Amino acid sequence: MFRIRPPILGALTFLAIPFQTVWAQRTPDERAAAAVARGDLQQARAIYDSLLVAQPADRSARVARGHVLSWLGKHDAALADFAAVLQTDSADLSAWLGTGYAASWSRQWDDAEAAFHQAAILAPDAAEPGKGLAYTALWRGDHALARERFSALASRYPDDPEIAAALGSVELADGHRGSARAAYARALLLDPQRRDAREGLEASHYLPAALEITVWGGYTYFADQALADQDRLALRAAQIAAQPTSRLRLWAAYDDGLALDNAAIVAAGSHVPWITTGGYVSWARALGTKVEGGWRDLGGDVTQWTASLEQVAVLGSGVSFKASGWAGFRSDSRTEWLAGAGVGVPVTSRLRVELMGFTSGNGLPDEDGFRGVLSGRYRFPTGLELGAGIAAGRTALDASRTGTLAEGYATASIPVLGQRLLLQARHQAVENGTDFTALTAGFTLGLLER
C-alpha cells in the first residue's frame, strides 16, 4: 500500500495553506459563483441562504439565489425571490429575466411573456429578453412563433451559437430534418463544443421524411429437410408512409412474411398477402396511440379482417409503458387475438431496454399461447442504430397442438446518403415444430422532405 511519508505530508500541508487562505478570503458571492460553475447548485444555494440571513437587503444575492432555485426546479421559491427584488427595484433586468424563465419552466406562459416583454423594454438592444420570448413559444408548443422569434434574433445576432442551436430545436420539434441539421451545423461551426447542438444533430438522423417508401426482401432457411426445396429469396413487405405533421404518421403496407416463415403455408406453396393501413398519433409529449386495420386471404376460402390498437405513455424520466391488443376476425367464425403490455427503460441516453409480455389465442379450446420478449436498442451519434432481442413462451403449432418457442433476432439501421439500409437476422426454434432462420434486408427511401 502506498503511504505518504512525513516529509511529503508536511510539504503538501504547507502547499495547502495558501489555498485555504485564498478560499477563506473569497467573498460569499465568489464562493457561490464558483459552486455554480462546477455544478454544485445545492452548495451555492446554502451560501446564498447564509448570506441573506446576515444581509436580507442584498438584492444581488437574492436575485442570484432566485436563479439557483430555478435551476433546482424550485420555481415558486425563485419567483418569490425575484418578486421581492422587483418590489424595491422595478428596473432590475436580471430579476425580470429570472421571473420569465421561472414562470416558463412552471408553465405559467402568460406571466413568462409579460416578464420577458418588460425585460425587453428595459434593455431593447440586448438579446436575452428576445431569447426568453422565443424559448417560451418553443416550450409551450407554438413552433411557428418560436421560429419567427429565433429567426429575427439570428438576423440581429448571426454569430450567436445558442440562437442557431435553438433554431435547430424548433425545426427538430417540427420534424424538418434538413433545416434542423443545417441549423445545428451552423451552431457547431460557431461553437464546436456546444452540447445541445451535437445532441440535436444526432437526433435529426432519426427523423423520418414527410413521405417515404420501405421495401423488404429476404431469404428463409428451414431446418426440416422436407422443406429444403422451399427455401426462398423473395419480397417480404413494402410500405409507404406519410408524416404530414410531427405528431401524425400514416401508412399503408403489404406483408407476405407469413408465406415465407410459416412451415405449413410454405409446404402448401401458398401466399398470404396481408394488406394493412394505419396511423400513429402523438397526443402530447407523453402519450401516443397507434391504430391499424387490415385484410388477408388465408386460403381455402378463408379470409380475415384484422384490427390492432397500441397505447404508449412516457414518464418524464423516459420510462415508457405500453399496452396493445390485436384481433383477427376469420370468415370461418374463429377469432384470433393477441394482447400485450410492457415497460421500456432508458439505461443511458443511447441505450434503451424494453420488456414485454404477450398472451394469445387462436379461437380453439386450450390453444392459448404466451410469450415474453426482452429487447434493446442502441443509437450511435452517426445515426447508426443496432437492436437485438430474445423471446420465449408457448405457441400454437397448428389447429390441435401447442409447443414451446424460443426466438432471437438482431437488427441494424444504417444511414446511407440520407436514406436507410435495414438489416435483420432472426432465428426461431419451436418444440415439435420447424425451426427456421430468416435473413432480411430493406431500404427506406425518402421521397419528400417537410
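Values for this structure:
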read-out: Verdict on Ala83 being farther than 30 Å from Gly175 by Cα and surrounded by fewer than 19 Cβ atoms within 10 Å (Cβ to Cβ); value: yes
read-out: Members of the range 436-450 that are over 30 Å from His176 (Cβ atoms) and either of a type in the set (Ser, Thr, Tyr) or buried (at least 16 other Cβ atoms within 10 Å of the Cβ) (or both); value: Phe436, Thr437, Ala438, Thr440
read-out: Phe150 touching a Gly at 6+ places or on another chain (Cβ under 6 Å), surrounded by 16 or more Cβ atoms within 10 Å (Cβ to Cβ) and without any contact (Cβ under 8 Å) to a residue 24 or more places away in the chain; value: no
read-out: Single condition Ala396 does not satisfy, out of (1) at pLDDT below 90; (2) surrounded by 14 or more Cβ atoms within 10 Å (Cβ to Cβ); (3) more than 18 Å from Gly340 (Cβ to Cβ); (4) hydrophobic (A, V, I, L, M, F, W, C); value: (3)
read-out: Residue in the range 168-182 that is at positive phi and modelled with pLDDT under 90 present; value: yes
read-out: Meets criteria (part of a loop (DSSP other than H, G, I, E, B) and either of a type in the set (Lys, Arg) or under 29 Å from Arg379 (Cβ atoms) (or both)) for Pro124; value: no
read-out: Qualifying residue in the range 57-69 (condition: in contact with a Gly (Cβ under 9 Å, 6 or more places away or on another chain) and surrounded by fewer than 21 Cβ atoms within 10 Å (Cβ to Cβ)); value: no
read-out: Residue check for Ser169: under 22 Å from Ser282 (Cβ atoms), part of a helix (DSSP H, G or I) and among the polar types (S, T, N, Q); value: yes
read-out: For Gly279: the one exception among (1) under 23 Å from Ile240 (Cβ atoms); (2) touching a helix residue (DSSP H, G or I) at 6+ places or on another chain (Cβ under 8 Å); (3) not aliphatic (A, V, I, L, M); value: (2)
read-out: Qualifying positions in the range 169-196 - free of Cβ contacts under 8 Å to residues at least 24 places away in the same chain, under 19 Å from the mean Cα position of the chain (by Cα) and surrounded by fewer than 18 Cβ atoms within 10 Å (Cβ to Cβ); value: Arg195
read-out: Verdict on Ile163 being in the same structural domain as Ser282 (by TED's automatic domain parsing), out of contact with any Asp or Glu (no Cβ under 7 Å at 6 or more places or on another chain) and either surrounded by 16 or more Cβ atoms within 10 Å (Cβ to Cβ) or at pLDDT 85 or above (or both); value: no
read-out: The range 420-433: number of residues that are surrounded by fewer than 14 Cβ atoms within 10 Å (Cβ to Cβ) and modelled with pLDDT of 90 or more; value: 0
read-out: Subset of the range 324-348 [more than 17 Å from Gly361 (Cα to Cα) and among the aliphatic types (A, V, I, L, M)]; value: Val343, Val345, Val347
read-out: Cβ-Cβ under 6 Å pairs, at least 6 apart or on other chains, the range 275-301 side polar (S, T, N, Q), far side exposed (fewer than 14 other Cβ atoms within 10 Å of the Cβ); value: none
read-out: Tabulated pairs, the range 228-254, first assigned to a helix (DSSP H, G or I), second modelled with pLDDT under 80 and surrounded by 13 or more Cβ atoms within 10 Å (Cβ to Cβ), C-beta under 8 angstrom, 6+ apart or interchain; value: Gln230/Val266; Gln230/Ala267
read-out: Residue identified as modelled with pLDDT of 90 or more, assigned by TED's automatic domain parsing to the domain that holds Leu138 and either more than 15 Å from Thr136 (Cβ to Cβ) or buried (at least 18 other Cβ atoms within 10 Å of the Cβ) (or both) among Leu52, Leu93; value: Leu93
read-out: Check on Gln239, buried (at least 20 other Cβ atoms within 10 Å of the Cβ) and modelled with pLDDT of 90 or more; value: no
read-out: Long-range neighbours under 9 Å by Cβ, at least six apart or interchain, first residue closer than 20 Å to Pro161 by Cα within the range 197-216, second among the polar types (S, T, N, Q); value: Glu199/Ser349; Gly200/Ser169; Glu202/Thr382
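The values are calculated or read from the model by the stated rules, or taken from the named source; none is laboratory data. As the structure is a prediction and not an experimental result, all values here were calculated from the model. As a convention, Cβ positions derive from the backbone with ideal geometry for all residues, glycine included, and neighbour counts pool all protein chains shown.
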